[in-house]
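Undergrad: Structure below; questions to follow.
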Amino acid sequence: MIRLVILAIVAGGSFVFNAFQGSVDNPEKEKVIQNTVLTVLEQAHFSPADLTDEFSSRAFDDFINALDGRKRFFTQDDIASLEVHRLQLDDQANQGSLDFFESTIEIFDRRLSQVGDMYKEMLADPIDFTAIEEIELDPDKREYPTDEQELRDTWRKYLKYDVLNQLESKIASQEKRSETDGEKSKEIKTTAQLEIEARDDVKEKFDEWFKNMGKLKRSDRFEVYLNTFSHLFDPHSDYYNPKERQDFDIGMSGKLEGIGARLRSEGDLTMVASIVPGGPAWTQGDIEVNDYILSVTQQNEETVDIFGMRLDDVVSMIRGDKGTIVTLAIQKKDGTVIQVEIERDVVNIEDSFARSAIIDLEGKAENIGYIHLPKFYSSFEAPNEGNSCAVDVAEEIEKLKTNKVNGIILDLRNNGGGSLKDVVDMSGLFIEDGPIVQVKPRDRKAFVYKDDDAEVKYNGPLVVLINSFSASASEILAAAMQDYDRAIVVGTQSFGKGTVQRFIDLDRAVRGTSEHKPLGAVKVTMQKFYRIDGGSTQLRGVTPDIELPDRYSLIDVGEREYPYALDWTEIAGLEYNQDVFNIDAAQKVYLKAQSSKRLSTNPDFQLIQEQAKWLKENREQTSYALNLDQFIAQVDAQEAEAEQFKVIMDEAIAEMSIKTLPEDEEAINFDETTKGRSENWVSVRSKDIYIQEAMSIIGDLIAATSYTNVNSDPDTNE
């Protein structure tokens, strides 16, 4: 259904890997962390914020918004009672005081408990949907409830809206079934019966949500408070507790040490959501998806019952170093309980890695290599031992050269960035040598990251695909290829993140206080990067050589959405050139004109432009009727409008064929799971009209440059 959701409950998933000493509720430790984080930010940040009364006022509003952004708990009276702190947060931070934090969470927890009783009472009786009234879902368009009476009415409307959502869905599903089931239509339930079911569903959802809220620790909220301060410096400076820092490293490396299972919470139980093919749990064989984990036993330690435990705490217990043993009590689907002993090992998260295929587009381009890179991953802690996306992409290029491809499309869409070293190395695969990006610290001249290797891994036609979620390292590569005239950049305006972050270990930043360690780390924006022509991608991003319609084109997305994003700036450009494969201005004009002609007659791209307009209008529609008939009419109208867009990228493109590489077949066919995932990966791309247009563009590029593939022997492509 096309509507806003007022309250989402997400079943969290976490991979199971190394153990750590978790956060604890410790006010003295919090004061040490707060003081250290702010000191590090002031000393190391590229553009440090001044801790003034204005800073304090912003932090005041932002923390309240972080706790209750939808204005469902605090009242105006509550906020008025906190106003005494508004201009004192900078002073409290300097004094090591947490007075505002303490007062705010005390009020919030009291309101949470109050509403926790209120919703049960409100959902106990049938709801009248005949009254004519509305609810405004956009918190920016309304104020906090003035007092407890208005807070109660706010929740009455929220619950009514949520039940109305469920009721409309049940009515629509029943009508659809009655149309298709014929005789079974006699079993239709009344609206009153469906209303009871809808209320039960909503109560069950809120029961789960309030239970999860009850599991939040003081330390969880303290970290929100701390990041309220760090985000006033810029949106990418964050405090990470020890576990979060470890999760970040794993996400960037694409590998972990553990049992290779993703977990999620189901009520008070922990369930196995998925198993990583080839990982220890997969190899051991006794654990299956939807099994429950009842207890955890470390080697030579006591068994711990995990019933009702937070998912993060369960994950931290199951984590451990390669070669260590953990024993899990597993409840199977038939109710039996078995003990499963697993030796932890390194697990590769293959979905994070570069992979390639060969694509043909009938009548336009044949035997084109396609490389998909989901992130610029790297093992930061062990750069010579772990994964490197630059190394992996080089290997994919070699495989494509063996298959004598006529061109390569590098897909960086939705790639949020990552390793700066890897993006420099990867850019160097396509040029002889030269500067790739300029990186400027605070109050110092910019220094240049260069490709010093004169070898060219690939010297043919190149298209780089980007979109509004291509950020940071993706923008560095796209900008370098564009500045060198080495590739055609295709897609939509990129994200606009032109800043560089570094992790600072707080244990090393502060002496003494060993009783409070580990303190975690702070990710600090310490530098800005600039293109080799001197311009920044900060805020503005990379403008493609050929822009394609996008459904988000009329909505602000990316860095410019953040209120405290750093400004766009410019520095002196560098001298640079390459003599590998040059695309001149006239050729770019020609390629753009050819693409424009295709887009003007392509019904899918025309529809995407209509979808962009519809999304903008629908996003601005934030008020909903709470009368059943009016609500159904409103939803039906929205769904009727949305129906026309469901055909976009819904079917495989007949003229385009995608095949995986012969060199990958053995790994793909290792088992049914990996085979199925590969088939799905190909299937998604076979419907992708952006890849189709990139194929047409690279076909035009080959024709415009009279490129001839001389790489019958892959070793000659240097």
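The values are calculated or read from the model by the stated rules, or taken from the named source; none is laboratory data. Predicted, not measured: the structure shown is a model, and the values here were computed from it. Ideal geometry is used to build each Cβ from the backbone, glycine not excepted, and the neighbour counts take in all protein chains shown. These area figures cover heavy atoms from the full protein model, side chains too; ligands, DNA and RNA do not enter into them. Shrake-Rupley method; radii C 1.70, N 1.55, O 1.52, S 1.80 Å.
Undergrad: Of the residues that make up region 105-123, is at least one closer than 28 Å to Asn241 by Cα and open to solvent by 80 Å² or more (accessible area, probe 1.4 Å)?
TA: The answer is yes; a qualifying residue exists.
Undergrad: Restricting the search to region 402-419, which residues are outside any loop (DSSP other than H, G, I, E, B) and surrounded by fewer than 22 Cβ atoms within 10 Å (Cβ to Cβ)? I'd like the intermediate steps shown before the answer.
TA: To start, the set of residues in region 402-419 that are outside any loop (DSSP other than H, G, I, E, B) comprises 402, 407-411, 418.
Passing the criteria: only Thr402.
Undergrad: Something else: Please name all residue pairs, on different chains or six or more residues apart, with Cβ atoms under 8 Å, provided the first residue is in region 406-428 and is aliphatic (A, V, I, L, M) and the second residue is open to solvent by 40 Å² or more (accessible area, probe 1.4 Å) and not in a helix (DSSP H, G or I).
TA: Leu420/Tyr449; Val424/Tyr449; Val424/Lys450
Undergrad: For the subset of region 547-564 comprising residues that are in contact with a Gly (Cβ under 8 Å, 6 or more places away or on another chain) and outside any loop (DSSP other than H, G, I, E, B), which member is nearest to Ser600 (Cα to Cα)?
TA: Glu547
Undergrad: Tell me which residues, restricted to region 239-275, are open to solvent by 20 Å² or more (accessible area, probe 1.4 Å), among the hydrophobic types (A, V, I, L, M, F, W, C) and at pLDDT 65 or above.
TA: Result: Leu269, Ala273, Ile275.
Undergrad: Among Asp629, Asp636, which is the only one that is under 30 Å from Asp128 (Cα atoms), surrounded by fewer than 12 Cβ atoms within 10 Å (Cβ to Cβ), of a type outside the set (A, V, I, L, M) and over 24 Å from the mean Cα position of the chain (by Cα)? It would help to see each step written out before you state the result.
TA: Details: Asp636 fails: surrounded by fewer than 12 Cβ atoms within 10 Å (Cβ to Cβ).
Just a single option satisfies the conditions, and that option is Asp629.
Undergrad: Within region 560-580, is there a residue that is more than 27 Å from Tyr484 (Cβ to Cβ), in contact (Cβ under 8 Å) with a residue 12 or more places away in the chain and among the acidic types (Asp, Glu)?
TA: no
Undergrad: Checking Asp313 against (1) without any contact (Cβ under 8 Å) to a residue 60 or more places away in the chain; (2) more than 30 Å from Glu672 (Cα to Cα); (3) not polar (S, T, N, Q): exactly one of these is not met. Which one?
TA: The single condition Asp313 does not satisfy is (1).
Undergrad: Also, quick follow-up: Just name the residue that is least open to solvent (accessible area, probe 1.4 Å) out of those in region 687-708 that are outside any helix (DSSP H, G or I) and more than 14 Å from Leu462 (Cβ to Cβ).
TA: Ranking the qualifying residues of region 687-708, first place goes to Asp688.
Undergrad: Can you tell me which residue in region 200-238 is modelled with the lowest pLDDT, limited to those that are hydrophobic (A, V, I, L, M, F, W, C) and open to solvent by 50 Å² or more (accessible area, probe 1.4 Å)?
TA: Leu216
Undergrad: Then there is this: Does region 10-23 contain at least one residue that is at pLDDT 95 or above and of a type in the set (Val, Ile, Thr)?
TA: No, because not a single residue in region 10-23 is at pLDDT 95 or above and of a type in the set (Val, Ile, Thr).
Undergrad: Same structure again: Restricting the first residue to region 589-607 and requiring it to be part of a helix (DSSP H, G or I), which pairs with a second residue that is among the aromatic types (Phe, Trp, Tyr) meet a Cβ separation below 8 Å and a spacing of at least six or different chains?
TA: Correct list of pairs: Leu599/Phe605; Leu607/Phe645.
Undergrad: Scan region 664-674 residue by residue and report those that are within 19 Å of Glu396 (Cα to Cα), in contact with a helix residue (DSSP H, G or I) (Cβ under 9 Å, 6 or more places away or on another chain) and in a helix (DSSP H, G or I).
TA: Within region 664-674, Asp664, Ala667, Ile668, Thr674 meet the criteria.
Undergrad: Here's a check for you: in region 496-506, which residue that is in contact with a helix residue (DSSP H, G or I) (Cβ under 9 Å, 6 or more places away or on another chain) and not hydrophobic (A, V, I, L, M, F, W, C) is most open to solvent (accessible area, probe 1.4 Å)?
TA: Taking the candidates together, the pick is Arg502.
Undergrad: Can you give me the ranges of the helices (runs of 4 or more DSSP H) entirely in region 40-157 with at least 2 residues that are closer than 30 Å to Asp629 by Cα?
TA: Per the criteria, 99-122.
Undergrad: Only one residue in Asp533, Asp443, Asp507 is in a loop (DSSP other than H, G, I, E, B) and free of Cβ contacts under 8 Å to residues at least 40 places away in the same chain. Which one?
TA: After applying the criteria, what remains is Asp443.
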